[in-house]
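Everything below concerns the one structure shown next.
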2 protein chains.
Amino acid sequence: MEMEKLVSLCKRRGFIFQSSEVYGGLESTWDYGPLGVELKRNVKEAWWRSVVYERNDMEGLDAAILMHPSVWVASGHVDGFADLMVDCKGCKKRFRLDHLKEKKCPDCGGELTEPRKFNLMFKTQVGSLEDTASSIYLRPETAQGIFVNFENVLTTSRRKLPFGIAQTGKAFRNEVTTGNFTFRSREFEQMEIEYFVKPGTDEEWYKKWIQDRFDWYISLGIKKENLKLRPHAKDELAHYAKACTDIEYLFPMGWSELEGIANRTDFDLKQHAASSGKDLSYFDEATKERFVPYVIEPSGGVDRAVLAFLVDSYREEMVRNDKRVVLGLHKALAPIKVAVLPLLKNRPEIVEMALKIKQGFGKSFKAVYDDTASIGRLYRRQDETGTPFCVTVDVESLSDKKVTVRDRDTMQQDRVGVDKLKEYLDGKLKEGGF
Amino acid sequence: MEMEKLVSLCKRRGFIFQSSEVYGGLESTWDYGPLGVELKRNVKEAWWRSVVYERNDMEGLDAAILMHPSVWVASGHVDGFADLMVDCKGCKKRFRLDHLKEKKCPDCGGELTEPRKFNLMFKTQVGSLEDTASSIYLRPETAQGIFVNFENVLTTSRRKLPFGIAQTGKAFRNEVTTGNFTFRSREFEQMEIEYFVKPGTDEEWYKKWIQDRFDWYISLGIKKENLKLRPHAKDELAHYAKACTDIEYLFPMGWSELEGIANRTDFDLKQHAASSGKDLSYFDEATKERFVPYVIEPSGGVDRAVLAFLVDSYREEMVRNDKRVVLGLHKALAPIKVAVLPLLKNRPEIVEMALKIKQGFGKSFKAVYDDTASIGRLYRRQDETGTPFCVTVDVESLSDKKVTVRDRDTMQQDRVGVDKLKEYLDGKLKEGGF
């Protein structure tokens, strides 16, 4: 599908809006609307339950965005997390050095300045007055919050290797080149694991994690033909990595990174140990050895995952000569699980019954009541929203206490007793792993 | 209880660590450890389900932290969100003007400088190079993300007044005075609602929301005698507010704000309309009137709520001459729902059965397996963690396929068949509204 179509659907249905849109927007930052926030919550929740609850070898963490500035010196970000930029002395345009093929301006052929380093971290001042304040950074990755808490988590959780620490949270990069909707933005959310292993077992765990993470996307409905693994070549590896494989998705702009699984070795823990003077090694009770663990890092982008689930689930179908747009989202991800619709909104008893049914779902899942259009349009609206089930209350419902449950994908309709409805829907939703 | 005791428990058990602790910490920022992240998740989830899922009049939102700088001019933050500070010319110490009773330094009696404004917003630069970049701010409140999205949410959700928009998210304030553990920190999380109503109905909704929010804390186990309402006096109201009431909790340092419910009138929407040139009014189909809605804002702090739930649930009891520390957290908030413990860890069949039971809970809730101490210590550990149920596998379990389920609060033990265990626990957890 074209990205424009998706951007338009996201705006129209309330998935994603441009941030600060009434002020003309803030470049490449995005707000998640009423449906988007639910989809994003569901993606993060599915990830958390899969990597933290279902496993026996994972702890969670929620570290602050603001960290001690020494963290970013030790991690290499203060020195290394920079692009080299050049300006054209003629037309004054600015380019990334690594994007240029010639030593002359690609636009006007003018002479270029010497390259200058542009660090991608956002810097701010903390403290009481600007002249005495100290510079800190917005974290450019959540990973370092895990590394500096390694010892605290290890001690309080009494873990033995191998075990991991999982975290979701915002990170910020002052990217020079942004774009492709939410694919590359300056503020983004990560879902990241640092998995600590004994050196020597790292390659085996690296392979396992690649497979586990690939399977996770498949389990939530991504089509296999739209996913592929791309191992990095030696010359594109980050300075800390022994190996890295991207899980790529076939986005509208082409194959692009959805998640990266890296073997970060013992680089980060050793750097922080040297820089802080703290012992960040691990003592293996069984073998009486002391060593610094190796780390496998499966690092996914929440916004990219949301985008991939939207792209992948979008389909257009002809139903009786009428085009129907469906977001065939996995039930666990669908923003709204059930929509309750009155067939006739001018019949107070029908409206009352529908509202009561909606209310009966309570806080167990997101359900909505909608009476702002005819039933045909309401169905189409919920199809485009990805809602797996529509419950319709009609005149007959008043006497037989049954309602019609319509399935988003098959469009088949079941007549279900109101007293059995919650159980019926719970069962259907559980089939979907919700 | 004393705050020191709680800080120590939080560190020891893995609820809350000082941020960047290996580097000596970053003042007044905090990281949530393996248990803290679950408690915080549960608090936010309980709030979201209560205000978004259970109601019929609420939409969710997740706006970006970075916003267009004009937002903060219109909201009054660029001009008004500042403390006046003075320096002592003698001892060079710095004070907030409104904290001083005399015109001389309270420490050395020295002469003070003229007051200078200190804006509490964190500023940073966005764009490709420092000399051409533009200044933006980290949001000091999540509220404005809702106001600037009012029109987008209204249109896409087809809402009629009254309705609200709910959001959780991080906000940042470069506070001069921080402290009391996580109570006042520079990075914090809000759970905030802007509830839009027809002018004239605002006072009624203001009262309803005060009651609703008060009841929410009670419903999750906060003792009524530790909560009180404190209406603001006219002279302490913010410039935008017609009325404001704090829900205060009896923290270790005394009664302090947990949540504020403000009647913000039409101030914010009118400011953004004037500043952006966009029409942010509402057209009432029924009465054919056009007006700018009034706004009731229930604004709670996630970190403060977590702190209050910890303080309120902490108790020490004597059990057979032995002190027992219990976090009597509400079942919906408890970080771990079930701990599965083998009575003898040197019996592989028992360990295997315990692990299998833990694994059987899958992704439905947070369960743990622990065999790192004797059963007595394991119980105490789970009591201090707030885990409502311990499941113990013993020698008899191998033959009768039953396990012992121990209740955290009553310490009563039930013998339950393994095949009925999930159902038994689901039922018990549901009683707690999980």
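Taking square-rooted eigenvalues a ≥ b ≥ c of the alpha carbon gyration tensor, is chain A rounded, prolate or oblate, where a/c under 1.5 means rounded and, failing that, a/b exceeding b/c means prolate?
Cα axes put chain A in the prolate bin.
Residue farthest toward the positive end of the dipole of the protein assembly as shown, with Cβ of Lys/Arg at +1 and Asp/Glu at -1: which of B:355, A:209, A:250?
B:355
Cα gyration tensor of region A:143-218, axes a ≥ b ≥ c as square roots of the eigenvalues: rounded (a/c below 1.5), prolate (a/b > b/c) or oblate?
Oblate is the answer for region A:143-218, as a/c is 1.5 or above yet b/c matches or exceeds a/b.
Given a 1.4 Å probe and every protein chain left where it sits, what share in percent of the accessible area of the protein assembly as shown is carbon and sulfur?
About 49 percent, which is the carbon plus sulfur part of the accessible surface.
Rounded to the nearest 0.05, what FRET efficiency do residue B:4 and residue A:431 have when you use their Cβ-Cβ distance and R0 = 51 Å?
Plugging the Cβ-Cβ distance into 1/(1 + (r/R0)^6) gives 0.50.
Suppose every K and R has +1 on its Cβ and every D and E has -1 on its Cβ; what is the size of the dipole of region A:336-431 about the Cα centre, in Debye to the nearest 20?
It works out to roughly 240 debye.
Near residue B:56, within a Cβ-to-Cβ distance under 15 Å, what is the net charge of the other residues, with Lys and Arg +1 and Asp and Glu -1?
+4
How big is the gap, in Å, between the Cα center of region B:258-337 and the Cα center of region A:376-434?
33
Would you check the accessible area of residue A:29, probe 1.4 Å, heavy atoms only, in square angstrom rounded to 10?
0
If you average the alpha carbon positions of region A:83-132 and of region B:200-221, how far apart do those two centres end up, in angstrom?
Taking the Cα centre of each part, region A:83-132 and region B:200-221 sit 53 Å apart.
Can you list, by residue number, the Cys in chain B that have no neighbouring cysteine C-beta under 4.7 Å?
Cysteines lacking a close Cβ partner in chain B: B:10, B:244, B:390.
Determine the shielding of peptide A:50-58 by partner chains: average, over its residues, the number of Cβ atoms on other chains within 10 angstrom of each Cβ.
4
Between A:135, A:397, A:256, which gets the highest mean-square fluctuation from a Gaussian network model of chain A, Cα cutoff 10 Å?
With Cα springs under 10 Å in chain A, the top fluctuation among A:135, A:397, A:256 is at A:135.
Would you rank A:55, A:184, A:290 by solvent-accessible area, highest first, keeping every protein chain in place and using a 1.4 Å probe?
Reading off the accessible areas and sorting them downward yields A:290, A:184, A:55.
Could you give me the ³J(HN,Hα) list for region B:157-164, computed from phi with Karplus coefficients 6.51, -1.76, 1.60 and θ = phi - 60°, whole Hz, x at Gly and Pro?
9, 6, 7, 10, 5, x, 7, x
Have a look at B:70, B:427, B:412 and report the one farthest towards the positive end of the charge dipole of chain B, computed about the Cα centre with Cβ charges (Lys/Arg +1, Asp/Glu -1).
B:412
Principal axis lengths of region B:43-107 from Cα atoms, whole Å, largest first?
59, 30, 17
So who's got an amide H within less than 5 Å of the one on residue B:251, skipping anything under 5 residues away but keeping other chains? H placed 1.01 Å off N, in plane.
Amide H neighbours of residue B:251, under 5 Å, 5+ apart: B:256.
Which three semi-axes in whole Å describe the equivalent ellipsoid of the protein assembly as shown, each the square root of 5 times a Cα gyration tensor eigenvalue, listed largest first?
Over the Cα atoms of the protein assembly as shown, the semi-axes work out to 38, 37, 33 Å.
Roughly how many nanometres apart are two label points built 7 Å out from the Cα toward the Cβ at residue A:351 and residue B:203?
Between residue A:351 and residue B:203, the simple spin-label model gives 2.9 nm.
Sticking with the crude label model, points 7 Å out along Cα→Cβ, report the distance from residue A:235 to residue A:285 in nm, one decimal please.
The two pseudo-label positions are separated by 4.9 nm.
Suppose only helical runs count, i.e. DSSP H with n ≥ 4. What mean residue ellipticity at 222 nm does that imply for chain B under -39500 (n - 2.57) per run, divided by all residues and rounded to the nearest 500 deg cm²/dmol?
The helix contribution divided over chain B gives -8500 deg cm²/dmol.
On C-alpha positions alone, give me the angle between the axis of helix B:202-219 and the longest principal axis of chain B, in degrees, nearest 10.
Its long axis makes an angle of about 20 degrees.
Whole-Hz Karplus ³J(HN,Hα) for region B:117-126, in order, using 6.51 cos²θ - 1.76 cosθ + 1.60 and θ = phi - 60°, x for Gly and Pro?
Using θ = phi - 60°, the values come out as 6, 10, 6, 7, 7, 6, 10, 8, 10, 10 Hz.
What size of dipole, in debye to the nearest 20, comes out for region B:1-149 about its Cα centre when the only charges are +1 on Lys and Arg C-beta atoms and -1 on Asp and Glu C-beta atoms?
Charge dipole, region B:1-149, about its Cα centre: 460 debye, nearest 20.
With charges only on Cβ, +1 for K and R and -1 for D and E, what is the dipole size of the protein assembly as shown about its Cα centre, in debye, rounded to 20?
That gives the protein assembly as shown a dipole magnitude of about 880 debye.
Name the long-range amide H neighbours of residue B:122: under 5 Å, sequence gap of 5 or more, or other chain; modelled H, no Pro or chain starts.
Long-range HN contacts for residue B:122: B:138, B:174.
How big is region B:130-179 on each of its three principal axes, counting only the C-alpha atoms and giving the largest first in Å?
Result for region B:130-179: principal-axis Cα extents of 43, 37, 13 Å.
Can you list residues from other chains, or at least 5 along the same chain, whose modelled amide H is less than 5 Å from the amide H of residue B:282?
Residues meeting the amide H criterion: B:291, B:292.
Apply the Debye scattering formula to region A:336-431, with a single equal point scatterer on each alpha-carbon and no solvent, then give log10 I(q)/I(0) at q = 0.14, 0.24 Å⁻¹.
-0.43, -1.42
Classify region A:303-348: rounded, prolate or oblate, from the alpha-carbon gyration tensor (a ≥ b ≥ c, eigenvalue square roots; a/c under 1.5 rounded; otherwise prolate if a/b is larger than b/c)?
oblate
Positive end of the charge dipole of the protein assembly as shown (Lys, Arg +1 and Asp, Glu -1 on Cβ, about the Cα centre): tell me which of B:153, A:392, A:84 has its Cα farthest that way.
Result: A:392.
What percent antiparallel are the DSSP beta bridges of region A:336-431, to the nearest 5?
If I count the DSSP bridges inside region A:336-431, around 55 percent turn out antiparallel.
Whole-Å semi-axes of region A:12-166's equivalent ellipsoid, largest first, each the root of 5 times a Cα gyration tensor eigenvalue?
Over the Cα atoms of region A:12-166, the ellipsoid semi-axes are 37, 25, 18 Å.
What is the angle, in °, between the Cα long axis of helix B:302-313 and the longest principal axis of the Cα atoms in chain B? Nearest 10 is fine, range 0 to 90.
Compared with the principal axis, the helix lies near 40 degrees.
For chain B, modelled as a GNM with alpha-carbon contacts under 10 angstrom, which of B:19, B:185, B:299 fluctuates the most?
B:19
Per residue of B:24-31, what is the mean number of Cβ atoms on other protein chains within 10 angstrom of that residue's Cβ?
6
Would you list B:272, B:99, B:330 from the most to the least accessible area, probe 1.4 Å?
Order by accessible area, largest first: B:99, B:330, B:272.
Compute, for residue B:318, the solvent-accessible surface of its heavy atoms (probe 1.4 Å) with the complete set of protein chains present, and express it in square angstrom to the nearest 10.
It works out to around 130 Å².
Apply the Karplus parameterisation 6.51 cos²θ - 1.76 cosθ + 1.60, with θ equal to phi minus 60°, to every residue of region A:178-185 and state each ³J(HN,Hα) to the nearest whole Hz, in sequence, with x for glycine and proline.
So the Karplus estimates, Gly and Pro as x, are 10, x, 6, 6, 7, 5, 10, 10 Hz.
Arrange the residues B:116, B:159 by how much accessible surface each exposes, largest first, with a 1.4 angstrom probe.
These residues rank, largest area first, as B:116, B:159.
With a bin width of 5 angstrom, please list the P(r) values of region A:89-245 as percents of all Cα-Cα pairs, from the 0 bin to the one holding the largest distance.
Distribution as computed: 1, 6, 9, 12, 16, 16, 13, 10, 7, 5, 2, 1, 0 percent.
Shielding by partners for B:152-159, please: the mean number of other protein chain Cβ atoms within 10 Å of each residue's Cβ.
For peptide B:152-159, the averaged partner shielding equals 5.
Which distance in Å, rounded to a whole number, links the C-alpha centroids of region A:37-75 and region B:1-73?
So the two Cα centres are separated by 13 Å.
The values are calculated or read from the model by the stated rules, or taken from the named source; none is laboratory data. Since the model is a prediction, treat every value here as computed from it, not as a measurement. Glycine gets a Cβ as well: all are built from the backbone with ideal geometry, and neighbour counts include every protein chain shown. Note: accessible area is taken over every heavy atom of the protein model, side chains too, but ligands, DNA and RNA are not part of it. Shrake-Rupley method; radii C 1.70, N 1.55, O 1.52, S 1.80 Å.
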